[in-house]
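Reading through the structure tokens given below for one structure.
The values are calculated or read from the model by the stated rules, or taken from the named source; none is laboratory data. The shown structure was predicted, so the numbers you read here are calculated from the model rather than taken from an experiment. We place every Cβ from the backbone using ideal geometry, glycine too, and count neighbours over all the protein chains shown.
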Amino acid sequence: MDNRPIGVFDSGIGGLTVVNALVKTLPQEAVVYVGDTARVPYGNKSTERIQQYSEEITKWLIKQGCKMIVVACNTASSQALDGLKSKFDIPIIGVIEPGIEAAIHATQNHRIGVLGTYGTIRSDAYGKALRKLNGNISVISQACPLFVPLAEEGWVSGDVPETIAKTYLENIITSDVDTLILGCTHYPLLKTTINKVMGGKVNLVDSGETTAAVVRSVLNKLELYPENGKSGKIFCRVTDSVELFESLAGRFLDAPISNASHIDIF
Ligand code: DGL
């Protein structure tokens, strides 16, 4: 039994898609969410910088008394997760492993597409992990950086997002993948457009949903569930403007947020 909150962090607001999946799967858990809105985006930063930011936030969340850390950001998961696991003595879960397990499960033809930020695609973290699990898997990856501002603008359907998606997905469409990993916090918001552009023929894997299932099984295994009758709250902490975060949060999260506030961690 453990009533302490789960710490979740992301480069900014997009990780709320992971929180959304978490609260649906585990409504009794309290969540402290850190959005590093002052330093977003991570997607085009160096590995060293992403590792430094991820460490700073993890330290802060541990100081707040979190029982577990979820790295909701794909870019941070792809480049900082191993370092965090070796430095901190607390369960730390990223979004890559849960995503690849779901993709391996879904694919029939062993051809899997991966979409992500420049950093995630550069690291080839999804590709490496997929090929490690199954050497016969072919992975076709594509960075789609413009999907992030589109999702934040709420511009997720219509001609402009469709044209951008068609351009990014050209190689993926012709490569005969049957499964596509949405390897970025923001991309689930564009699911309908991506599905349309892919001709409605591929399995779309949303890492947020699969991560929530992994968190549940780790809590179970380590007996870290809160006591019965608890109902969780989401506490949001951001490194830049609270107002902007609050005005965009509803696009990413169905549940209400309590007391978003600013923090200084660097
Ligand atoms: N949260 C990032 C990710 O999932 C996307 C935004 C960014 O580039 O920081 O990769």
Filtering segment 215-233 down to residues that are under 24 Å from SER77 (Cα atoms) and either among the small types (Gly, Ala, Ser) or surrounded by 19 or more Cβ atoms within 10 Å (Cβ to Cβ) (or both) yields VAL215, SER217, LEU219
Picked from segment 144-163 (must be more than 16 Å from the ligand (Cβ to nearest atom) and part of a helix (DSSP H, G or I)), the residue nearest to GLY12 (Cα to Cα) is PRO161
Any chance GLN52 is among the polar types (S, T, N, Q) and free of Cβ contacts under 8 Å to residues at least 40 places away in the same chain: yes
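Look at ARG4 and say whether it is away from the ligand (no atom under 16 Å from the Cβ), in a loop (DSSP other than H, G, I, E, B), touching a residue at least 24 places away in the same chain (Cβ under 8 Å) and among the basic types (Lys, Arg).
So ARG4 fits the description; yes.
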Filtering segment 125-137 for residues that are within 24 Å of GLY15 (Cβ to Cβ) and surrounded by fewer than 16 Cβ atoms within 10 Å (Cβ to Cβ) leaves a count of 1
Of the residues in segment 234-266, those that are buried (at least 16 other Cβ atoms within 10 Å of the Cβ), modelled with pLDDT under 90 and within 24 Å of MET1 (Cβ to Cβ) come to ALA255
Only one of GLY99, GLY94, GLY119 is more than 28 Å from LYS221 (Cβ to Cβ) and surrounded by 19 or more Cβ atoms within 10 Å (Cβ to Cβ), namely GLY119
Among helices (runs of 4 or more DSSP H) completely within segment 11-95, the ones holding 1 or more residues that are closer than 22 Å to LEU189 by Cβ and touching a Phe, Trp or Tyr at 6+ places or on another chain (Cβ under 9 Å) are 16-25, 74-87
Those residues of segment 10-52 which are within 9 Å of the ligand (Cβ to nearest atom) and over 15 Å from the mean Cα position of the chain (by Cα) amount to ARG39, ASN44, LYS45
Residue set ILE140, ILE164, ILE194; condition buried (at least 24 other Cβ atoms within 10 Å of the Cβ), more than 21 Å from VAL23 (Cα to Cα) and at pLDDT 95 or above; output residue ILE194
